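Structure first, then comments.
The values are calculated or read from the model by the stated rules, or taken from the named source; none is laboratory data. Note that this is a predicted model, so its numbers are computed, not measured. Note that each Cβ is placed from the backbone with ideal geometry, even for glycine, and that neighbours are counted across all protein chains shown.
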């Protein structure tokens with residue numbers, strides 16, 4: 001699998017796991033709230049380029065996302081023009097119920113991956129604040145490719161700060177609008193790339209830019 005293919009894999013795994021998880025949670029029976037509409041629309045302002053990072057939009061099917069409880073999302077492959085390192089970034093927005101239960105340990109397992117490390121919390125320092133993210137690594141359950149994926153993920157009620165609570169289903173499920181931020185990179189175990197902090201470096205630069213874009217008004 002190439003680095004560029006990690007974004008579609010991320011979307012596919014999210015949908016496979018999310019379609020089951022969304023069953024039984026609250027839905028937009030009477031249509032999305034004004035707060036959700038505003039939060040979702042703000043994703044259009046996420047910058048495609050900042051600093052040394054340049055993004056390329058990755059296509060997806062909005063209908064599939066909607067069935068997973070996702071009201072709107074942005075999927076991009078960001079490449080650092082100086083180092084040529086790349087990450088896949090996915091930011092989704094929806095009601096707290098379905099968004100709080102979309103976690104990679106469930107989604108990737110349903111999509112043909114196995115988790116090879118425990119999920120830990122990594123605090124990203126960015127924009128004068130601290131932002132805890134969950135981090136775990138995954139490998140394909142079948143196939144000869146030794147490549148692994150490193151996944152960072154966190155939630156935000158307002159796009160101004162990110163957090164990774166122990167039980168998001170309890171603490172975030174009732175949020176009228178909720179963001180989820182995934183960052184994924186591919187690497188070969190045993191190489192210098194394994195120790196590189198590509199996702200952390202990307203997040204340190206992206207979080208202030210995304211915070212400004214998602215700021216209300």
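Summary of computed values
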item	result
Single unsatisfied condition, residue 190 versus (1) in a loop (DSSP other than H, G, I, E, B); (2) within 23 Å of residue 136 (Cβ to Cβ); (3) in contact (Cβ under 8 Å) with a residue 60 or more places away in the chain	(3)
Single residue of 204, 195 found to be farther than 29 Å from residue 97 by Cβ and at pLDDT 95 or above	204
Pair list, Cβ under 6 Å, 6 or more apart: the stretch 108-131 residue closer than 19 Å to residue 189 by Cβ, other residue modelled with pLDDT under 90 and in a loop (DSSP other than H, G, I, E, B)	112/141; 114/141
Pick from the stretch 23-82, criterion at positive phi and modelled with pLDDT under 95, ranking: surrounded by the fewest Cβ atoms within 10 Å (Cβ to Cβ)	31
Qualifying strands (runs of 3 or more DSSP E) (wholly inside the stretch 85-167; at least 3 residues being surrounded by fewer than 20 Cβ atoms within 10 Å (Cβ to Cβ) and either out of contact with any strand residue (DSSP E or B) (no Cβ under 7 Å at 6 or more places or on another chain) or at pLDDT below 95 (or both))	129-140
Selection count, the stretch 168-187, where residues are within 13 Å of residue 133 (Cα to Cα) and assigned to a loop (DSSP other than H, G, I, E, B)	0
